[in-house]
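First up is the structure itself, then whatever we jot down about it.
The values are calculated or read from the model by the stated rules, or taken from the named source; none is laboratory data. Source: prediction; values computed, not measured. So basically every Cβ, Gly included, is an ideal-geometry build from the backbone, and we count neighbours across all protein chains shown. Just so you know, the surface numbers come from the protein's heavy atoms only, side chains and all, with ligands and any DNA or RNA stripped out. Shrake-Rupley method; radii C 1.70, N 1.55, O 1.52, S 1.80 Å.
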Amino acid sequence: MARGDLSDEQWQCLEAVLPALPVMGRKPRERRQVFDGIWWRARTGSPWRDVPERYGPWEPLYSVFRRWQIDGTWARILQKLQVKADVARHVAWEVSIDSTSCRAHQQAAGARKRGITIRAGRARTVWHPSRPITPSAARVAA
């Protein structure tokens, strides 16, 4: 057993909530080895290809992880473990309400809607996309 792997007691609790093994097909890898490999990858955050060889090839680990993710097995395992922990009074369900406020930067308060506002007492200029800006149009406007 490597550092970070599940202890025998933890594995017994987890094994009780794992789904049943499929009846058809060839015999799968040892479940504890696969789960420890998935757990190592989740704990370290490293790529699947970097999973140590003691857990076996990374492809079966990834396929089990992904299959259980798609069909909702991980969510069911978590729910069953939470129910067991709640019954055993290992979990304290506390609610915390936070009433703090988050202030934005002062420049985030009023974004410019249209055009450019020129400060220091100058007039506001607005760009109108419907007006053509050509030399002939500028002479007509003047």
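Restricted to helices (runs of 4 or more DSSP H) entirely inside region 47-142, those with at least 2 residues that are surrounded by 10 or more Cβ atoms within 10 Å (Cβ to Cβ), of a type in the set (A, V, I, L, M, F, W, C) and at pLDDT 90 or above are 58-71, 73-87. Limited to region 24-46, what total is found for residues that are more than 23 Å from residue 8 (Cα to Cα) and open to solvent by less than 30 Å² (accessible area, probe 1.4 Å)? Residues in region 24-46 being more than 23 Å from residue 8 (Cα to Cα) and open to solvent by less than 30 Å² (accessible area, probe 1.4 Å): 1 in total.
Within region 11-32, residues that are touching a residue at least 60 places away in the same chain (Cβ under 8 Å) sit with their Cβ atoms under 7 Å from residues that are open to solvent by less than 90 Å² (accessible area, probe 1.4 Å) and in a loop (DSSP other than H, G, I, E, B), at 6+ positions apart or across chains, in these pairs: 14/6.
Could you give every pair whose Cβ atoms fall below 8 Å, whose first residue belongs to region 37-54 and is β-branched (Val, Ile, Thr), and whose second residue is surrounded by 12 or more Cβ atoms within 10 Å (Cβ to Cβ), counting only separations of at least 6 or pairs across chains? So the pair list comes out as 38/61; 38/64; 38/65; 51/37; 51/40; 51/41; 51/58; 51/61.
Against the condition within 16 Å of residue 59 (Cβ to Cβ), without any contact (Cβ under 8 Å) to a residue 12 or more places away in the chain and open to solvent by less than 50 Å² (accessible area, probe 1.4 Å), how does residue 7 come out, does it pass?
Here the answer is no, as residue 7 does not meet what is asked.
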